[in-house]
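Worksheet: one structure, shown below.
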Ligand code: S3P
């Protein structure tokens, strides 16, 4: 496969309006719950990215009829809570940690065996965080050596509810246990050290499953059924984040991001950018499929370095690559701590960002749980390697808008996992980005 490099450089001030694609987390969950529901659900705003499509393909393999009458639209003919069919072969989650971890919980409750595999990046990611607590519920899941994929899930086991106090703040772990809990006898309770995104809980409630939840805790019992419902997927805050930072950094920018998902467990970057001095104004608040949305108007503003409050870390866990870029342009130092989870994302995001920023002349000190980034030096021209990590690639495309020369960003094909339209939208908004497909 070609690595599909980008050559990025300073473009124009970002102007006009941008509507980013549907939320990845919500798209995964919508396919899963609609597939297990009784009746036909319609999903609008479904993310046409490789991660969500991998989950969709898996449910087709599990016997669910899913029609795709148009872009971003899915009609899911639910099979019912016990209606999935044994797959003939391994189920490929692609690059998607969310897909694999949530499916581990969901498939542990089925009457058949299944195997989950992933791409090279996913095949290195830790799975014991889900298989450990699932085993305590009675699940039988074999991992590869060292607790990584593939996951071999033995079906036909009786699951029992678990009261689980997680040491990690992880929505994926919480969701895996709640999905296993649908099939368990008794009550499943998940407690978290810091609240994480609550899409699974909200969506289970929307599909009619009795569930109680508040920030930091969720509880449900097995033995109910899901009722088909329509889901409107809000625009993904994590995709909007690249434009929030780009417009903040490029002088003369004045950009409107339309109807962005504003779930408070996702908008940590907004608070942090404002603490740094960003000019971002919310307007036109509304609701889409039970999720808050708003327009975000962002104008260029100078930034100052800060200590990122650890309380915001889970609420911006996917936004650190682009925050590091913002920090490199701020006046003074920015310090990130309490973010060791970055080491086990699609790449080691602390190491990958540090290497890339250094290649562009930025001073950054790595720590096990974060980094200290010296602001103000600007970016030189250079070559950075995204290590096939979509958010690293997009973060450096933003950095290039302030670089003194061209930045080559290697290995950007995986941007299609979360933001298939990025290149076109970036061009429309004013970023200078060209594709070197033959690289
Ligand atoms: C996600 C949870 C987060 C996040 C990921 C999506 C989800 O992962 O980084 O992109 O949809 O539940 P963790 O649960 O590992 O923090």
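The values are calculated or read from the model by the stated rules, or taken from the named source; none is laboratory data. Everything numeric here is computed off the predicted structure, so don't read it as measured data. As a convention, Cβ positions derive from the backbone with ideal geometry for all residues, glycine included, and neighbour counts pool all protein chains shown.
Okay, residues lined up against (1) within 16 Å of the ligand (Cβ to nearest atom); (2) assigned to a loop (DSSP other than H, G, I, E, B); (3) closer than 20 Å to residue 98 by Cα; (4) in contact with a helix residue (DSSP H, G or I) (Cβ under 8 Å, 6 or more places away or on another chain):
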{"residue": "149", "(1), (2), (3), (4)": "yes, yes, yes, yes"}
{"residue": "153", "(1), (2), (3), (4)": "no, no, yes, yes"}
{"residue": "156", "(1), (2), (3), (4)": "no, yes, no, no"}
{"residue": "164", "(1), (2), (3), (4)": "yes, no, yes, yes"}
{"residue": "168", "(1), (2), (3), (4)": "yes, yes, yes, yes"}
{"residue": "174", "(1), (2), (3), (4)": "yes, no, yes, yes"}
Report yes if residue 417 is under 20 Å from the mean Cα position of the chain (by Cα) and not assigned by TED's automatic domain parsing to the domain that holds residue 121, otherwise no. yes
Is it fair to say residue 139 is farther than 19 Å from residue 63 by Cα, within 16 Å of the ligand (Cβ to nearest atom) and touching a helix residue (DSSP H, G or I) at 6+ places or on another chain (Cβ under 8 Å)? no
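Residue by residue, here is whether (1) under 30 Å from residue 398 (Cβ atoms); (2) at pLDDT 95 or above; (3) more than 16 Å from the ligand (Cβ to nearest atom) holds:
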{"residue": "22", "(1), (2), (3)": "yes, yes, no"}
{"residue": "49", "(1), (2), (3)": "yes, yes, no"}
{"residue": "60", "(1), (2), (3)": "no, yes, yes"}
{"residue": "97", "(1), (2), (3)": "yes, yes, no"}
{"residue": "103", "(1), (2), (3)": "no, yes, no"}
Take the residues in the stretch 229-243 that are in a loop (DSSP other than H, G, I, E, B) and under 17 Å from the mean Cα position of the chain (by Cα), then tell me which one is nearest to the ligand (Cβ to nearest atom). 236
Has the stretch 367-383 got at least one residue that is more than 26 Å from residue 125 (Cβ to Cβ) and in a helix (DSSP H, G or I)? no
So residue 16 ticks every box in (1) in contact with a helix residue (DSSP H, G or I) (Cβ under 8 Å, 6 or more places away or on another chain); (2) buried (at least 21 other Cβ atoms within 10 Å of the Cβ) but one. Which box is left unticked? (2)
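Yes or no, residue by residue, for (1) within 16 Å of the ligand (Cβ to nearest atom); (2) in a helix (DSSP H, G or I); (3) on the phi > 0 side of the Ramachandran plot; (4) within 20 Å of the chain's Cα centre (by Cα):
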{"position": "274", "(1), (2), (3), (4)": "no, yes, no, no"}
{"position": "295", "(1), (2), (3), (4)": "no, no, no, no"}
{"position": "315", "(1), (2), (3), (4)": "yes, yes, no, yes"}
{"position": "320", "(1), (2), (3), (4)": "yes, yes, no, yes"}
Residues in the stretch 306-337 that are within 24 Å of residue 170 (Cβ to Cβ), surrounded by fewer than 23 Cβ atoms within 10 Å (Cβ to Cβ) and touching a strand residue (DSSP E or B) at 6+ places or on another chain (Cβ under 7 Å) total 3
Could you grab the pairs with beta carbons closer than 9 Å, sequence gap of 6+ or different chains, first residue in the stretch 409-421 and at positive phi, second one surrounded by fewer than 24 Cβ atoms within 10 Å (Cβ to Cβ)? 411/3; 411/4; 411/5; 411/385; 411/387; 411/388; 411/439
Out of the stretch 199-228, which residues are assigned to a loop (DSSP other than H, G, I, E, B) and surrounded by 21 or more Cβ atoms within 10 Å (Cβ to Cβ)? 207, 209, 226
